[in-house]
Amino acid sequence: MRLTINGVRRRIEAHPMKRLLDVLREDCALTGTKEGCGEGECGACTVLIDGVPINSCLVPAAHADGTRVTTIEGLGGRHPLQRAFVAYGGAQCGICTPGMILAAVALGPKPTLDEIKVGLAGNLCRCTGYSAIYRSIRQA
Amino acid sequence: MQPSISRLKLFQPSSLDEALALLRDEGPLVPMAGCTDLYVALNFGTLTDTRFLDLWRLDALRRIEARDGALSIGALATHADLIRSALVRRRLPMLAAAAREIGGVQIQNRGTLGGNVANASPAGDTLPVLAAADATVVLRSAGATRRVPFTEFSTGYRQTVRRPDELIVAFEIPPVRGRQAFRKVGTRAAQAISKVVMAVVSGDSPRIAVGSVAPTVVRARRTEAALASGASIDAAQRILIEEIAPIDDIRSTADYRRRVVANLLARLTSGASG
Ligand SMILES: Cc1cc2nc3c(=O)[nH]c(=O)nc-3n(C[C@H](O)[C@H](O)[C@H](O)COP(=O)(O)OP(=O)(O)OC[C@H]3O[C@@H](n4cnc5c(N)ncnc54)[C@H](O)[C@@H]3O)c2cc1C
Ligand code: FES
Ligand code: FES
């Protein structure tokens, strides 16, 4: 399959039913994408396909063929959302953070609190109680 | 961790005709749409099937359009497509409302209407809406097209009349007269004990459909008839409670559900947003 990951075009040999999550972590060594539940409930594995957030634990490799995939590595480390999560305590253990940040990226600039709550409803966090996450996104 | 996938075979047709020919010649194959149900089972190792048919690239099945007065929604339309569609919001707002309550955005971006219906879970959120809207399920095989009234599509818990060589290609919804309302009570995680889903059309010919209280969605025809002939809401509530027969796993649970259903009927017919 051929796809563009974080702006880089790649050719990958993978079973078409391999989870995109495993393609990223195993075949591309992009381990920033985390596995939480493996059943679509927690959002830790969220990445963007053509700019749209999806759970990579539920997406077969075949469905990523020919698309543009963005993972947390693609934000480069100095993205305003990444800096805000550090500055405002949006990350504690960090497992949910890559997924949270990518779901927030998909909201575009300056989302309202309601937009943030709807956009992040599929992302669970066991540590922060969410308000620090919402604050980080609003301050980014 | 995903269990071993090397034994799995995926057919990847590039057109609907090719997909239907594969179903006929290579079947039985499990159709694969947004995978939000299938991959949960696959990741858990509970899926025993080994041969799959990928529908995701069949863009012709994604269309939402008005055709011959009816609203036609392709089976592959995602919940996000339904929420975004001006046509759906105008003609079938209760379907947009149901789609908005499904999972989080990641699930809405992949899960499809066809998958929700084909899955035939009693807790499927779009099912009461399609039942109350008098929708028709359009099924295609290599040889033929078949139209089945939605209320006859599911025959029991996770059972449907779809034949192995058929795909759901679309849903057709005639114009709906009257005010539409949708409400889901209880979370999915708690669905086994407390979920109730209800879609109501109020007006001259009221329509009421309740999900998650029986193995399939229930159209409350007697309650509808009572309301149409001017019954009071109290009387209608009593008829509805008799009519739906909630899954009676634990006594108090059934009682709780009957109360929820009765309250929802009052709220959804009175115009409150629920
Ligand atoms: C975290 C999470 C939350 C969820 N929340 C909800 C919720 O709140 N409400 C709700 O109703 N559902 C919910 N679901 C279930 C699921 O997302 C929906 O049922 C979704 O609509 C399924 O669509 P899909 O395209 O992903 O189906 P798939 O997983 O691709 O397929 C499901 C079944 O349908 C069959 N199928 C799919 N398309 C066709 C077709 N065109 N013709 C014939 N057969 C077909 C498949 O063979 C399979 O048996 C949730 C799932 C997850 C993981
Ligand atoms: S790991 Fe994918 S949603 Fe939890
Ligand atoms: S920071 Fe630990 S789960 Fe969110």
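The values are calculated or read from the model by the stated rules, or taken from the named source; none is laboratory data. This is a predicted model, so every value here is computed, not measured. Glycine also receives a Cβ, built like all others from the backbone with ideal geometry; neighbour counts cover every protein chain displayed. All accessible areas refer to the heavy atoms of the entire protein, side chains included, with ligands and DNA or RNA removed. Shrake-Rupley method; radii C 1.70, N 1.55, O 1.52, S 1.80 Å.
List the relative contact order of the range B:59-173 as a percent without decimals, with contacts defined as Cα pairs under 8 Å and 6+ residues apart.
Relative contact order, the range B:59-173: 26 percent.
Go ahead and run the numbers for FRET between B:ALA60 and B:ALA245, Cβ-Cβ distance against an R0 of 51 Å, rounding to 0.05.
It comes out at approximately 0.80.
Taking the alpha-carbon set of the protein assembly as shown, what are its Rg and Dmax in Å?
22.2, 67
Roughly speaking, what is the stretch gain from A:THR31 to A:LEU113, that is 0.36 nm per residue apart minus the C-alpha to C-alpha distance, in nm to one decimal?
So the extension gain works out to 26.5 nm.
Considering only protein heavy atoms, what is the solvent-accessible area of A:LEU81 at a probe of 1.4 Å, reported in Å² to the nearest 10?
Its accessible surface works out to 20 Å², give or take rounding.
At most 12 other Cβ atoms within 10 Å and a DSSP loop assignment: could you name the trypsin sites (Lys or Arg not before Pro) in the range A:1-103 that fit?
In loop regions of the range A:1-103 (DSSP not H, G, I, E or B), the sparsely surrounded trypsin sites (Lys or Arg not before Pro) are A:ARG78.
What FRET efficiency do you get for B:ASP68 and B:TYR157 if R0 is 41 Å and r is their Cβ-Cβ distance, rounded to the nearest 0.05?
Taking R0 as 41 Å, the efficiency between B:ASP68 and B:TYR157 is 0.75.
Counting alpha carbon pairs within less than 8 Å and at least 6 residues apart, what relative contact order, in whole percent, applies to the range A:2-74?
The normalised contact order for the range A:2-74 reaches 41 percent.
Please compute the length gained on full extension between B:ARG100 and B:ARG51, using 0.36 nm multiplied by the number of residues separating them and subtracting their Cα-Cα distance.
14.4 nm
Would you mind getting the Kirkwood hydrodynamic radius of chain B from its Cα pairs, rounded to one decimal in Å?
19.3 Å
Aspartates and glutamates near A:LYS34 by alpha-carbon distance under 14 Å, same-chain residues fewer than 8 away left out - which ones?
A:LYS34 reaches A:ASP22, A:GLU26, A:GLU73.
Calculate, for the protein assembly as shown, the solvent-accessible area per residue in square angstrom, rolling a 1.4 angstrom probe over the heavy atoms of the protein chains.
About 44 Å² of surface per residue is accessible.
Determine the calculated [θ] at 222 nm for chain A from helices alone, applying -39500 (n - 2.57) to every DSSP H run no shorter than 4 residues and normalising by the residue count; nearest 500 deg cm²/dmol.
-6500 deg cm²/dmol
Which parts of the range A:44-85, residue by residue, lose 30 Å² or more of accessible area when the rest of the protein chains are there, as against the chain isolated (1.4 Å probe)?
SASA drop of 30 Å² or more in the range A:44-85: A:PRO53, A:ILE54, A:ASN55, A:LEU58, A:PRO60, A:ALA62, A:HIS63.
Could you order B:ARG183, B:ARG238, B:ARG7 by accessible surface area, starting with the largest, using a probe radius of 1.4 Å?
Result of the area sort, largest leading: B:ARG238, B:ARG7, B:ARG183.
Give the lysines reachable from B:LYS9 as a straight Cα distance under 19 Å; neighbours fewer than 8 places away on the same chain don't count.
Cross-link targets: A:LYS18.
Please give me, ordered by residue number, the GluC sites (Glu not before Pro) of the range A:1-110 that lie in loop per DSSP and have at most 16 other Cβ atoms within 10 Å.
A:GLU13, A:GLU39
What is the distance in Å between the Cα centroid of the range B:38-60 and that of the range A:17-60?
After rounding, the separation between the Cα centres reads 16 Å.
What are the lysines whose alpha-carbon lies under 25 Å from the alpha-carbon of B:LYS184, with same-chain residues fewer than 8 places away excluded?
A:LYS117, B:LYS195
By what distance, in whole Å, do the Cα atoms of the range B:5-54 stretch along each of the three principal axes, largest value first?
So the three principal-axis extents are 32, 20, 15 Å.
Just want to confirm a number: the relative contact order over chain B, from Cα pairs under 8 angstrom separated by 6+ residues, in percent.
Here the relative contact order equals 15 percent.
Residues of the range B:24-46 losing 30 Å² or more of accessible surface, assembly versus chain alone, probe 1.4 Å, please list them.
B:TYR39, B:VAL40, B:ASN43, B:PHE44
Counting only protein heavy atoms and using a 1.4 Å probe, what share of the accessible area of the range B:111-268 belongs to carbon plus sulfur, as a whole percent?
With neighbouring chains kept in place, the figure for the range B:111-268 is 51 percent.
Mind checking the full-extension length gain between B:ASN263 and B:SER229? Use 0.36 nm per residue of separation minus the Cα-Cα distance, one decimal, nm.
So the chain would gain 10.2 nm between B:ASN263 and B:SER229.
How big is the A-B contact in terms of buried accessible area, both chains counted, 1.4 Å probe, rounded to the nearest 100 Å²?
2300 Å²
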